[in-house]
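Taking it in order: structure first as structure tokens, then the write-up.
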Amino acid sequence: MRLLCRLGVLSLICLLPTLAAAQDYPTKLVRVVVPYPPGGGVDGMARPLADRLGRLWHQPVVVDNRPGAGTIVGGDSVAKASADGYTLLFTSDSTITSNPHLYEKSPYDPIKDLAPITQLIDLHQMVVVHPSVTANTMQELVALAKAKPDSLNYGSYGSGSQPHLLFEALKAETGIRIAHVPYKGIAPAITATIAGEVQMTLGGAATTGEYFATGKMKPLAIARPTRLALFPDVPTLREASFPDIDPKPWYGLFATAGTPRPIIDKIQKAVAEIMADPAFRDREVIGKGYAGVGSTPDEFAAFIKTDLAYKGRLIKISGAKAE
């Protein structure tokens, strides 16, 4: 009994520095790495979140865009950072649950080397086309691609990205022949679609919706189970008879593996507080066509495990490969 008491005291003594560090956190600048270029959906969500965290913590929180290699450049920089909570990763599912199926050789393991903090967003993405494309529905798009094989192409932001998975799965399901043109982020892919460099892409409502009214893009379908209130006339992929090609995209926040759990919990609670604020929720979540989540670290870890298996099946169906 005395030995157990001594061990308990020793454990508490060892834990005290960690608890103290979490209580004081943060005491300096926090860097949020976004593995995409500025201007896309991930970047557009990371910046207002960083601003609100900075105000809440009374410390600077800055966004550091590190695109490249299918988000591996940015992810690797966080995986190899000090495990102290001062370098975080804000990214999409591509980094975490698609890349492990695509890259046999990677400088880090996103499952083992990153610690889940919270899933912030369940993303609603739309299949959008250049106005010159005569198709107004998914069925018409497939018919057009079959009538003119190898004449259409789609933009993505790299292998394993949501556009890549969706269109490759569509090709596998229908037998159409369309070409893949990868860009460094969704913003360049959308710009290319507007310019007619590519005929189509898959983009979030926040990054594509503004172009519908001006006629610069046409939405054909939304890759989620239900229609979006902001665009009630856009059918779901299920309604369009393509229920099995939804890449189920999301945004989440991560720390370096080994970051003390009290610090992770403190970050999660701060983010949950921001997500629950009506002004932030209405403008940055609902106003952009997102669904807020705000899960706990344990809930997020369980979700990632399920999504990793789902993405593996989708990648196998699509035949997607790292390029």
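The values are calculated or read from the model by the stated rules, or taken from the named source; none is laboratory data. The structure presented is a predicted model; accordingly, all values stated were derived computationally and were not measured. When we count neighbours, we look across all protein chains shown, and the Cβ atoms used for this are built from the backbone with ideal geometry, even at glycine. Each accessible area value is taken on the protein alone, full model and side chains, heavy atoms only, with ligands, DNA and RNA left out. Shrake-Rupley method; radii C 1.70, N 1.55, O 1.52, S 1.80 Å.
Rolling a 1.4 Å probe over the protein heavy atoms gives the chain an accessible area of 44 Å² per residue. Shape class for segment 12-130, computed from the alpha carbon gyration tensor (a ≥ b ≥ c): oblate, with a/c not under 1.5 and a/b at or below b/c. Around the Cα centre of the chain, unit charges on the Cβ atoms of Lys, Arg, Asp and Glu (plus for the first two, minus for the last two) sum to a dipole of about 360 debye. In order along segment 245-256, the Karplus-derived 3J(HN,Hα) couplings, from 6.51 cos²θ - 1.76 cosθ + 1.60 at θ = phi - 60°, round to 10, 6, x, 6, x, 7, 10, x, 10, 9, 10, 5 Hz, and Gly and Pro are given as x.
Residues considered: Leu230, Leu308, Leu123. Largest GNM mean-square fluctuation over the chain, using C-alpha springs under 10 Å, is found at Leu230.
Surface composition of segment 15-120: carbon plus sulfur atoms contribute 55% of the solvent-accessible area (1.4 Å probe, protein chains only, all chains present). Of the solvent-accessible surface of segment 127-189, computed with a 1.4 Å probe over protein heavy atoms with every protein chain present, carbon and sulfur atoms account for 55 percent.
Ordering Ile186, Thr137, Ala276 by Cα displacement along the dipole of the chain toward the positive end leaves Ala276 in first place; charges were set at the Cβ atoms of Lys, Arg (+1) and Asp, Glu (-1). When a 1.4 Å probe is rolled over the protein heavy atoms, the share of accessible surface on segment 229-275 that falls to carbon and sulfur comes to 53 percent.
Here Lys288 is the anchor, and the lysines within straight C-alpha reach of less than 25 Å, apart from those fewer than 8 places off in the same chain, are Lys184, Lys216, Lys218, Lys248, Lys269, Lys311.
Of (i) 0.93; (ii) 1.03; (iii) 1.19, which one was derived for Rg/Rh (Cα atoms, Kirkwood Rh) from the structure shown? Answer by label: (ii). Other residues lying with their Cβ under 10 Å from the Cβ of Gly74 contribute a combined charge of -1, Lys and Arg counting +1, Asp and Glu -1. Does segment 136-177 classify as rounded, prolate or oblate by the C-alpha gyration tensor (a ≥ b ≥ c root eigenvalues; a/c under 1.5 gives rounded; else a/b over b/c gives prolate, otherwise oblate)? Prolate is the answer for segment 136-177, as a/c is 1.5 or above and a/b outweighs b/c.
Can you list the DSSP H helices in the chain whose Cα atoms extend at least 15 Å along the helix axis and whose mean Kyte-Doolittle hydropathy is -0.5 or higher? Sorted by number, the helices that extend far enough and score high enough are 2-24, 41-57, 162-174, 261-276, 297-318. Using a 10 angstrom cutoff on alpha carbons, build the Gaussian network for the chain and name the most mobile of Leu166, Leu88, Leu144. Judging by the Gaussian network model, the answer is Leu144. Applying 0.36 nm per residue to the separation of Asp277 and Asp122 and subtracting their alpha-carbon distance, the gain on full extension is 54.0 nm.
Taken one residue at a time, the phi angles of segment 200-213 give Karplus couplings (6.51, -1.76, 1.60, θ = phi - 60°) of 7, 7, 10, x, x, 4, 5, 9, 10, x, 5, 8, 5, 5 Hz. Gly and Pro are set to x.
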